[in-house]
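Undergrad: Shown below is the structure under consideration.
The values are calculated or read from the model by the stated rules, or taken from the named source; none is laboratory data. These numbers were taken from a predicted model, which means no experiment stands behind them. Glycine gets a Cβ as well: all are built from the backbone with ideal geometry, and neighbour counts include every protein chain shown.
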Amino acid sequence: VVINLNNSFSEDEHRAIWGFVERGGSLLVLGDHTDIAGIMHPLNDLLSPVGIRFRFDSGLPVGERWVDCIEILNHPLGDGVENEYQIEISVGATLNVSGDAFPIIVGRYGFSDHGNYLNSEMANLGDYVNNPGEQLGDVVLAAGAFYGKGKVLVFGDTSSFQNLAIPYSYKLVHNVFTWLCSGDGKIVKYSKNIFSILALIVCLAVFLTYLKKEKKVAYLLTLALVLSVLTSAVVNPFLIEREHIGGEDVVYIDISHLERISIESYTSDATTGLMINLARNGYLPLMLNKFDREKISKSKILVLIAPTIPISRDEVYFLKNYMSNGGLIILSAGYQDKTPVSLLLNEFGFNIENIPLGPVPYVEENPEEHQNEPRFVDSWPITKGDGTTADSFYNIEIENKSYDLIMFTKYGLGGLIVIGDSQFLLDKNLESLYDYWPGNILFLKNIIDELKDRGVL
């Protein structure tokens, strides 16, 4: 793996790398836009044996982001990647592809913005405008090549592999390393191509021969041709093993129930700050796009933040079994979001009361005096029914009456934490790009430490 190389390898090192690839090894190269830090020429020197080159530009979408603008071509890297948010490419270089090299990820609706060495203070970036002479459409963002018995994969951007992208792009990253370690080499590629061409020629010849004589045969051959194309599209997943992500450090943040959170990083309603804090405490946060029970069963923590699709009774039974086996569920929901999670709350004897407590603590002046305390955005008290054994992890007293805002109940080897605030774990209240609340960061760490002491984590 080579990332943002800013000094060329020596001749001996270069020869050793390509000897490794030729004998069946794989080379993954990650670069960036506009020759930042002088990486373009060393990377292109490294890639000289194959037809892939970094361009002095940045690949930009025609819109604000790559949503609906990017595409993974028919390649194993695309297996299971359902949308652009699972690719996480941002601003990187586009690639020139020639010879036997082939594009894998393209900016279908993107353009090449030429760099400007006079703009060194802004990383040599251009003017973010598609000018005459700059490529518009189908810019190559990732490409591959075969060399000897080995494979080469090049990304013009490092974003997909960065810490804050992994929670979204982990499926793509898994596919990258699985394909690089697979037996899908040059011989396999050419064999598939030759077989496809021969099949197409045979079908076309038979089609033309029988077109006038027997229309039914022509129709059947047309159907067979369509089926062959569809078959070729489903071959790629067989070159990618099912991901084996799991363990005591995996945390899934659910978005399969259309939780009221943003998947745009570092926005006020995002969970970027939560991901950072989980990582600081030794966990690997990942977004859960589908309610995959096998994935959840292999994880340690499942986070639910104000789901809008109701959690079904069948899912509640599964989650009880998950907790019984040692899983921890963190549920963050206010009264206005109680209905979709009511079955889960009722199962454990919890209720979120219709008593709006608002922001806690409520401080109009000098909020920094309270910054080492937990802070809530829109809090509602939690109550427990008779016979429910639960501990209060945080409560406040208003007019001589105590209200529990965070409660925990142990179940089997795991347990359930209920937070009576749909926004408690969001960036606006925990940590964002330019702001953070120390009290919540410390409080989250203290909860994790407490549950470790209790043997839950």
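Undergrad: Conditions: (1) out of contact with any Leu (no Cβ under 6 Å at 6 or more places or on another chain); (2) under 30 Å from TYR317 (Cβ atoms); (3) surrounded by fewer than 19 Cβ atoms within 10 Å (Cβ to Cβ). THR409 meets all but one. Number of the miss?
TA: Failed condition: (1).
Undergrad: Here is a further query. Counting only residues that are surrounded by fewer than 20 Cβ atoms within 10 Å (Cβ to Cβ), part of a loop (DSSP other than H, G, I, E, B) and charged (D, E, K, R), which one in the stretch 250-299 is modelled with the lowest pLDDT?
TA: By that ranking, first place goes to GLU264.
Undergrad: Also: Could you identify the single residue in GLU88, GLU82, GLU71 that is closer than 18 Å to LEU30 by Cα and either within 19 Å of the chain's Cα centre (by Cα) or outside the structural domain of ASP32 (by TED's automatic domain parsing) (or both)?
TA: GLU88
Undergrad: Pick out the one residue from SER58, SER8 that is of a type in the set (S, T, N, Q), assigned to a strand (DSSP E or B), in the same structural domain as VAL139 (by TED's automatic domain parsing) and farther than 22 Å from LYS171 by Cα.
TA: SER58
Undergrad: In the stretch 12-34, which residues are crowded, with 22+ Cβ neighbours inside 10 Å and on the phi > 0 side of the Ramachandran plot?
TA: Matches in the stretch 12-34: THR34 only.
Undergrad: Enumerate the pairs (first residue in the stretch 322-343 and on the phi > 0 side of the Ramachandran plot; second residue anywhere and buried (at least 22 other Cβ atoms within 10 Å of the Cβ)) with beta-carbon separation below 7 Å, excluding pairs fewer than 6 apart on the same chain, so at least 6 apart or on different chains.
TA: GLY326/GLY414
Undergrad: Still on this structure, I have one more. Pick out the one residue from LEU95, LEU125, LEU136 that is touching a Phe, Trp or Tyr at 6+ places or on another chain (Cβ under 6 Å) and among the hydrophobic types (A, V, I, L, M, F, W, C).
TA: It is LEU136.
Undergrad: Examine the stretch 37-51 for a residue that is in the same structural domain as ALA142 (by TED's automatic domain parsing), within 13 Å of LEU141 (Cβ to Cβ), in contact with a helix residue (DSSP H, G or I) (Cβ under 9 Å, 6 or more places away or on another chain) and not in a strand (DSSP E or B), and state whether such a residue exists.
TA: Looking through the stretch 37-51, none of the residues is in the same structural domain as ALA142 (by TED's automatic domain parsing), within 13 Å of LEU141 (Cβ to Cβ), in contact with a helix residue (DSSP H, G or I) (Cβ under 9 Å, 6 or more places away or on another chain) and not in a strand (DSSP E or B).
Undergrad: Now a separate question. Can you tell me which residue among PHE146, PHE111 is of a type in the set (Phe, Trp, Tyr), closer than 30 Å to GLY24 by Cα and at pLDDT 95 or above?
TA: Details: PHE111 fails: closer than 30 Å to GLY24 by Cα.
So the residue among PHE146, PHE111 that is of a type in the set (Phe, Trp, Tyr), closer than 30 Å to GLY24 by Cα and at pLDDT 95 or above is PHE146.
Undergrad: Could I ask something else about it? Within the bounds of the stretch 441-457, is there any residue that is buried (at least 19 other Cβ atoms within 10 Å of the Cβ), in contact (Cβ under 8 Å) with a residue 12 or more places away in the chain and in contact with a Ser or Thr (Cβ under 8 Å, 6 or more places away or on another chain)?
TA: no
Undergrad: Checking VAL173 against (1) touching a Ser or Thr at 6+ places or on another chain (Cβ under 8 Å); (2) touching a residue at least 24 places away in the same chain (Cβ under 8 Å): exactly one of these is not met. Which one?
TA: Of everything listed in (1) touching a Ser or Thr at 6+ places or on another chain (Cβ under 8 Å); (2) touching a residue at least 24 places away in the same chain (Cβ under 8 Å), VAL173 misses just condition (2).
Undergrad: Also, quick follow-up: Out of the residues in the stretch 35-46 that are among the hydrophobic types (A, V, I, L, M, F, W, C) and touching a strand residue (DSSP E or B) at 6+ places or on another chain (Cβ under 6 Å), which is surrounded by the fewest Cβ atoms within 10 Å (Cβ to Cβ)?
TA: Applying the filter and picking the extreme gives MET40.
Undergrad: Can you tell me which residue in the stretch 52-64 is nearest to HIS41 (Cα to Cα), limited to those that are surrounded by fewer than 17 Cβ atoms within 10 Å (Cβ to Cβ) and touching a residue at least 40 places away in the same chain (Cβ under 8 Å)?
TA: Checked the stretch 52-64; the qualifying residue nearest to HIS41 (Cα to Cα) is VAL62.
Undergrad: Which count do you get for residues in the stretch 356-405 that are touching a helix residue (DSSP H, G or I) at 6+ places or on another chain (Cβ under 8 Å) and either closer than 19 Å to ALA306 by Cβ or at pLDDT 95 or above (or both)?
TA: Counting residues in the stretch 356-405 that are touching a helix residue (DSSP H, G or I) at 6+ places or on another chain (Cβ under 8 Å) and either closer than 19 Å to ALA306 by Cβ or at pLDDT 95 or above (or both) gives 6.
Undergrad: Go through the stretch 341-452 and tell me which strands (runs of 3 or more DSSP E), entirely inside it, have 2 or more residues that are under 22 Å from ARG260 (Cα atoms).
TA: Once the strands (runs of 3 or more DSSP E) in the stretch 341-452 are filtered for at least 2 residues that are under 22 Å from ARG260 (Cα atoms), what remains is 350-352, 358-360, 376-379, 401-411, 414-419.
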